[in-house]
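Taking it in order: structure first as structure tokens, then the write-up.
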Amino acid sequence: MSRITYVNGRYSRHRDAVVHVEDRGYQFADGVYEVCEIARGYIIDMTRHLDRLARSLSELQIAWPVDRDALVAILREVARRNRVRDGMIYIQVTRGVARRDHVFPSDATRPSLVVTARSSDPQTARAKAGEGVAVLTVPESRWERVDIKTVGLLPNVLARQKAKETGAAEAWFVDADGIVKEGAATNAWIVTADGTLVTRPADFGILRGITRATVMDIAAGQGLKVEERGFTVEEAKQAREAFITAATTLVMPVVRIDETSVANGHPGSVSLALRDAFFETAEKTPI
């Protein structure tokens, strides 16, 4: 079956889908995106994802390409046309197509909207969580407004590639004070000796992760304490557990940081319990 992609009002075969060469997303990375998990036939945490999309658009002064209800209908239709029961759905909005110029184009320029979806195997993800992953620490090299989910991801790409070359699944950005900020595509967490969950405050220093927020809901329901504060690389290496969160990974245990094993080098019980509880806690929108 051919994949189907939505581009600016048209559903087409994925291999035939195109945007204009002067789309500002291509020229300037002048756009934003969201990724939602699809699990068991539901779009997960869609309301929070669209709320964050609204904030990103507002911060960059980009108009909605369609109204919110229409976008929901498009997401569901793309998922249905691609027959995705488990996988992900990707939303990208750019400022649109205009003559190349750094300043914003006229208000008559329509934002561009692209929506894609693809399937994945949940059993593969569960097996990966059962083994845990490694992360590599790298110096912070991104612009300051990482709280906006823009398509300008070159530092993230370079960090993730460096991680891959060392056998790690993720890279953690570390600030000048040695404090972990977040991953190239994930939020970073540790579990202290007394079972407290620790993650950096979601101010302007990191992206306010949607999966991060749902994990906080789960923690509250399980009676776990959460502290929003920074932690050093050394504290993470000495932690009882470490894990990362994102729509593409859910809760993924970290068993190695650089060359140091975390705890006994195996996924911890807290992170696995959070992962097991995720689907039941998260918002579920039927496709």
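The values are calculated or read from the model by the stated rules, or taken from the named source; none is laboratory data. These figures come from a predicted structure and were not determined experimentally. Note that we place each Cβ from the backbone using ideal geometry, even for glycine, and neighbour counts take in every protein chain shown. Areas reflect the complete protein model, heavy atoms only, side chains present, ligands, DNA and RNA absent. Shrake-Rupley method; radii C 1.70, N 1.55, O 1.52, S 1.80 Å.
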Note down the relative contact order for region 1-98 as a percent, whole number, built from C-alpha pairs under 8 angstrom at least six residues apart. 41
Compute the length gained on full extension between His14 and Lys164: take 0.36 nm times their separation in residues and subtract their Cα-Cα distance, giving the result in nm to one decimal. 51.3 nm
Using a 7 Å offset from the Cα along the Cα-to-Cβ direction at both Glu22 and His102, what is the distance between the two label points in nm, to one decimal? 1.9
Unit charges on C-beta of K, R, D, E only; dipole of region 1-146, Debye: 560
Assign unit charges at the C-beta atoms only (+1 for Lys and Arg, -1 for Asp and Glu), then state the dipole size of region 78-210 relative to its Cα centre in Debye, rounded to the nearest 20. 920
Where only protein heavy atoms count, and the probe is 1.4 Å, what is the accessible area per residue for the chain in Å²? 48
What whole-number distance in Å separates the alpha-carbon centres of region 170-229 and region 55-111? 28
Whole-percent carbon and sulfur contribution to the accessible surface of the chain (1.4 Å, no ligands, DNA or RNA) stands at 50
Please say if region 20-177 is rounded, prolate or oblate, where rounded means a/c under 1.5 for a ≥ b ≥ c the square roots of the C-alpha gyration tensor eigenvalues, and otherwise the choice is prolate for a/b larger than b/c and oblate otherwise? oblate
Mean separation of Cα pairs under 8 Å and 6+ residues apart, divided by the residue count of region 93-191: what relative contact order is that in percent? 21
Could you tell me which residue out of Leu71, Pro253, Gln161 lies farthest along the dipole of the chain toward its positive end? Charges go on the beta carbon: Lys and Arg +1, Asp and Glu -1, centred on the Cα centre. Leu71
Magnitude of the Cβ-charge dipole of the chain, K/R +1 and D/E -1, about the Cα centre, nearest 20 debye? 1160
